[in-house]
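Trainee: Below you will find the structure I want to go over with you.
The values are calculated or read from the model by the stated rules, or taken from the named source; none is laboratory data. Please read all numbers here as calculations on a predicted model, not as lab measurements. Quick reminder, even Gly has a Cβ in these numbers, built from the backbone with ideal geometry, and neighbours come from all protein chains shown.
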Amino acid sequence: MSINEGEIRFYLYFPSREKAVEAQHILEGDPRLKSIVREAATGPQYLLLISVSDIRVDAVEEYKESFEALGIRFDGEFDGWEYQA
């Protein structure tokens, strides 16, 4: 599944593919979210890249807090977000 341009992307890193996939499964069911798991560009980690469409500006902080908690729950780390035009 590819991430489309014009969306906000959130980055979470996990120590194993299994942890990243477990976290990804929590996101299933929300049609605004798309996610992919892949090896991190550096280091022995896995990236869970989450793209959110149809997001209000005032909701970005809520998503950020939610994804930070998701990272903690699965021994991962939230590494920020960006708007991709």
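Trainee: Considering only residues of region 30-73 that are at pLDDT 95 or above and in contact with a Ser or Thr (Cβ under 9 Å, 6 or more places away or on another chain), which is surrounded by the fewest Cβ atoms within 10 Å (Cβ to Cβ)?
Mentor: Ile36
Trainee: Six or more apart or on different chains, Cβ atoms under 9 Å: show the pairs whose first residue is in region 65-85 and more than 13 Å from Leu47 (Cβ to Cβ) and touching a residue at least 40 places away in the same chain (Cβ under 8 Å) and whose second is polar (S, T, N, Q) and assigned to a strand (DSSP E or B).
Mentor: Close Cβ pairs satisfying both conditions: Gln84/Ser51.
Trainee: Provide a single number: the residues in region 8-29 that are acidic (Asp, Glu) and at pLDDT below 95.
Mentor: Total meeting the criteria: 1.
Trainee: Have a look at Gly80, Gly76 and point out the one that is closer than 11 Å to Leu12 by Cβ, among the small types (Gly, Ala, Ser) and surrounded by 13 or more Cβ atoms within 10 Å (Cβ to Cβ).
Mentor: Of Gly80, Gly76, the one residue that is closer than 11 Å to Leu12 by Cβ, among the small types (Gly, Ala, Ser) and surrounded by 13 or more Cβ atoms within 10 Å (Cβ to Cβ) is Gly76.
Trainee: Where the second residue is outside any loop (DSSP other than H, G, I, E, B) and modelled with pLDDT of 95 or more and the first is over 17 Å from Asp79 (Cα atoms) and of a type in the set (A, V, I, L, M, F, W, C) and lies in region 28-46, which pairs have Cβ atoms under 7 Å and are six or more apart or on separate chains?
Mentor: Correct list of pairs: Leu33/Ile50.
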